[in-house]
1. Starting with the highest mean, order 449-460, 30-41 by the number of other Cβ atoms within 10 Å, averaged over the residues of each peptide.
2. When the Karplus curve 6.51 cos²θ - 1.76 cosθ + 1.60 is applied with θ = phi - 60°, which whole-Hz ³J(HN,Hα) does each residue of the stretch 232-239 get, with x for Gly and Pro?
3. Taking amide H positions as placed 1.01 Å from N in the peptide plane, with prolines and chain starts having none, which residues 5 or more places from residue 424, or on another chain, fall under 5 Å of its amide H?
4. Can you tell me the orientation of helix 3-25 relative to the chain, as the angle in degrees between its alpha-carbon axis and the longest Cα principal axis, to the nearest 10?
5. Say a paramagnetic label sat at a point 7 Å from the Cα of residue 322, along Cα to Cβ; which residues of the stretch 413-454 have their backbone N under 15 Å from it?
6. For residue 48 and residue 202, what is the calculated FRET efficiency with R₀ set at 25 Å and r taken between the beta-carbons, to the nearest 0.05?
7. Given 0.36 nm per residue, what is the gain on full extension from residue 150 to residue 40 after removing their alpha carbon distance, in nm?
8. By per-residue mean of other Cβ atoms within 10 Å, what is the highest-first order of 286-297, 67-78?
Amino acid sequence: MSRRAFLATAAGAAASASMRAARASAVDERQIKVAPGEARLNGADGPSTAVWTYGGTVPGPALRLRQGQPVRIAVENGLDEDTTVHWHGIRLPNAMDGVPGLTQTPIKPGESFVYEFTPPDAGTFWYHPHADSFVQIGRGLAGPLIVEEAEPVVVDRDLFWLLQDWRLAKDGQIAGGFGSAMDASMSGRVGNLVTINGTVPADEGVRAGERIRIRLANACLARMIALRFEGHRPVIVAIDGQPCDPHEPQDSRLVLAPAMRIDVVIDIQGDPGSRHAVIDDFYDGLGYTLTNLAYDKAPPLRAHPLAARLALPRNPLAAPDLGSALRHEIVLQGGMMGGGKLAGIGGMMGMGMPGMNGGAAWAINGMSMTGDGHAGMAPQFTLERGTTCRLTMRNETAWWHPMHVHGFSLSVLSRNGSPVPHRQWQDTVLLAPKDVIECAFVADNPGDWMLHCHVADHQMAGLMTVFRVT
Ligand code: C2O
Ligand code: CU
Ligand code: CU
């Protein structure tokens with residue numbers, strides 16, 4: 001190499017190194033407008049549906065952030081009602097958590113709010129409103145949020161499947177009746193159309209021999225999803241944005257309750273030109289083909305699957321100290337029981353007809369907090385900063401509940417007395433009817449934090465509480 005060429009490359013390297021440094025410390029500026037819009041949920045030729053959007057689309061724009069880099073996101077409210085944005089799963093300062101009344105005053109129509117935080121964890125997250133939740137999420141407000149790993153896993157393609165469930169009327173518009181007593185006290189508002197990234201999915205084109213990562217996120221109001229990739233063996237590498245020990249799912253089913261995320265890596269090892277169904281069969285007798293993996297006719301990209309490792313680098317989560325842990329218990333109560341009877345929580349609160357007009361259909365430890373969060377919610381328990389909390393969640397109801405904690409990720413210890421393997425951390429833990437789950441976390445983030453079921457109707461009708469870290 002000539003001296004001149006050497007100087008040129010050296011200068012180039014220095015320049016790109018300093019650009020990298022500048023990028024890492026500079027604040028990443030973003031803007032999102034919340035506004036009504038139109039979407040073609042059935043594809044470009046289908047009818048148009050009136051929806052509510054982030055940045056004009058459903059789902060909203062994919063936010064790709066960098067671990068450890070500060071971000072400032074200006075949210076402008078173009079709706080006729082108050083809103084907030086919650087950055088689901090991100091461990092951030094309490095004032096940026098987006099809970100109206102509790103952590104911020106809601107964003108009024110025509111006003112803006114600037115969210116500022118530095119994502120500590122790399123992984124798969126999402127963002128959604130935390131005001132009038134069932135209506136706003138039900139009308140389409142949700143968006144993918146990716147915090148990139150410093151060193152990503154080696155894959156050929158990195159996909160995001162944001163799953164949404166819509167309840168459409170015959171005219172193709174979103175059906176009204178949000179918050180009906182029946183939805184509230186039973187399974188919540190399950191819809192009749194499931195989309196991936198805003199449209200009824202066509203086939204997903206794949207190439208034999210490639211390795212793909214799919215970031216699955218359930219952004220539905222209430223629909224539980226259990227995916228099977230026929231003829232393929234997805235490996236779970238992260239749950240709720242937190243890396244776990246790579247493993248194949250039990251019964252080859254990926255169970256995603258509302259708000260949950262699962263990152264899978266799939267080696268595409270079928271025959272060129274073949275087609276394989278991706279089936280959602282969570283509800284007995286109601287299985288359907290969500291989409292298909294459709295192989296290109298081209299010969300395999302490589303002769304053998306990639307040998308690269310699957311384990312993602314772990315995030316900086318404080319390790320719980322179980323020896324000194326303080327124990328707390330959350331008991332989930334209420335809902336419709338056998339024979340169409342509501343579990344007896346109406347009497348406890350004396351709030352009129354359970355589940356009606358914002359009344360309570362559910363309770364946590366005998367107390368029903370309804371709505372989206374508001375000022376003056378008395379905390380269920382208080383933790384001193386730095387202590388380890390060992391939390392038991394006991395589902396006494398006849399329904400499934402994805403219990404979500406704001407501001408933390410929980411180390412999941414056991415389910416019904418059996419240890420949970422794979423060193424899993426989750427911000428949304430699914431409890432089957434009568435399940436008992438034990439988890440632990442270090443109370444290292446001060447503030448008043450929500451803990452609620454992420455089936456929007458359940459949350460709004462009382463399956464919600466608050467805890468405090470001082
Ligand atoms: Cu994703 Cu309080 O919610
Ligand atoms: Cu959250
Ligand atoms: Cu629930």
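1. On the way: 449-460: 27.9, 30-41: 17.5.
Top of the packing list down: 449-460, 30-41.
2. Coupling constants for the stretch 232-239: 9, 10, x, 10, 7, 10, 7, 10 Hz.
3. 412
4. With rounding to tens, the tilt is 0 degrees.
5. 413-425, 437-442
6. On the way: r = 18 Å, r/R0 = 0.73.
Between residue 48 and residue 202 the formula returns 0.85.
7. Values: separation 110, 0.36 × 110 = 39.60 nm, distance 3.60 nm.
Difference between extended and current length: 36.0 nm.
8. On the way: 286-297: 15.4, 67-78: 17.2.
Most protected by this proxy first, the peptides run 67-78, 286-297.
No lab work stands behind these numbers, since they all come straight from the coordinates. Computed from a predicted model, the values in this text were never measured in an experiment. Every residue, glycine among them, receives a Cβ derived from its backbone with ideal geometry; neighbour counts consider all protein chains shown.
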